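Heads up, the thing below is written out as structure tokens.
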Amino acid sequence: MSSLSSIASMLSSSTGMGGATREIQPTTGRVDFPLTVAEEARPPCFSKRIRAETAQAHRITESTSFVKSILRGAVDIESYRNMQTGLYLIYSAMEEELERHCLHPLVRSVYFSALSRCSALEQDLDFLWGEAWRDCLQITPARQQYVDRIRWVGENDPGLLVAHSYTRYMGDLSGGQVVERVVRRSLKIQGKEGFRFFHFDDIHDVKEFKNIYRRRLDGLAMSQTQAKGIIAESNRVFTLNRQIFEELEGSWIRALVKLVPTGFSQRQVVSY
Ligand code: HEM
């Protein structure tokens, strides 16, 4: 027996739980000796669970054609401002509900005013559309469905707002930063104007903030049923976001078709 594993086994017998222990072979390279654990399988903390149980939805959302075209650098100003307009309508509803329920026992743990995006989006839309930007706020079926769900949750089951906060804000603090870089490069825009949405001015260390947020998720005092409900809601939020992207993809293609000279587009139609 190596000296490390004998220490591990001494520790386990000193806890008085020797009979219930079993050895687990490490699956990663980070631990180089067998671990001895007292429990059969400790349930993963909630932040790990929600991440794992929405991973597939995340993959599907980030594989929509619209997102892929953004990442390829094929976004134009029209699509970008259309995308940010949709986000404004969604964040207006979400942040209104989060604020309304900021004292709710679950919501208050993930309520951080530093995350609020509405005022940043207002400034971005002012830059992208001009000062009459409010006249350009167009509600579409996918946007309406998303906003309706947020309102329904706010009215009927506010604890589920945790899922809305997690899915959007943790995404903004993660992949959102990648999106900003590629969009900025495609549109050749420098400076903060039009991109304030991606900057969390009151969060100085994003990585550390995400850890704090995850610890808050882990500390939520909730039943198994509530935990499952929040994970299911997060999966639903991913779907709502996917539908927003699919809708944007549709309007982007229609805009492209309009730009194509009539004779050419007719030939295309004939050849297919
Ligand atoms: C442009 C496409 C996207 C890319 C490239 C992307 C990329 C990433 C990456 C690299 C992470 C891991 C960050 C880390 O470990 O700290 C992440 C996390 C996350 N993303 Fe995305 N993402 C994209 C779109 C989205 C969308 C559309 C949503 C939701 C609406 C979303 C929600 C999330 C969430 C909730 C997390 C946090 C997972 C966790 O640590 O619990 N992402 N994303």
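Before moving on, here are some points about what is shown:
- Looking only at the stretch 162-185, and only at residues there that are among the basic types (Lys, Arg) and in contact (Cβ under 8 Å) with a residue 24 or more places away in the chain, the one that is nearest to the ligand (Cβ to nearest atom): 168
- Among the candidates 51, 81, 59, 108, residue that is in contact with a Gly (Cβ under 9 Å, 6 or more places away or on another chain), outside any loop (DSSP other than H, G, I, E, B) and assigned by TED's automatic domain parsing to the domain that holds residue 203: 81
- Residue in the stretch 113-123 that is under 26 Å from residue 251 (Cα atoms), assigned by TED's automatic domain parsing to the domain that holds residue 233 and not in a helix (DSSP H, G or I) present: yes
- Annotation: of all residues in the stretch 93-134 being free of Cβ contacts under 8 Å to residues at least 40 places away in the same chain and in contact with a Cys (Cβ under 7 Å, 6 or more places away or on another chain), the one that is least open to solvent (accessible area, probe 1.4 Å) is 95.
- The sole residue among 208, 155, 193 that is part of a helix (DSSP H, G or I), over 20 Å from residue 95 (Cα atoms), in the same structural domain as residue 85 (by TED's automatic domain parsing) and charged (D, E, K, R) is 208.
- All conditions but one from (1) within 12 Å of the ligand (Cβ to nearest atom); (2) under 24 Å from residue 209 (Cα atoms) apply to residue 159; the one that does not is (1).
- Count - residues of the stretch 186-214 that are surrounded by fewer than 15 Cβ atoms within 10 Å (Cβ to Cβ) and within 14 Å of the ligand (Cβ to nearest atom): 6
The values are calculated or read from the model by the stated rules, or taken from the named source; none is laboratory data. Because the structure is a prediction, the values reported are computed rather than measured. Positions of Cβ are backbone-derived with ideal geometry, glycine not excepted, and every protein chain shown enters the neighbour counts. Calculation scope for accessible area: heavy atoms of the full protein, side chains included, ligands and nucleic acids excluded. Shrake-Rupley method; radii C 1.70, N 1.55, O 1.52, S 1.80 Å.
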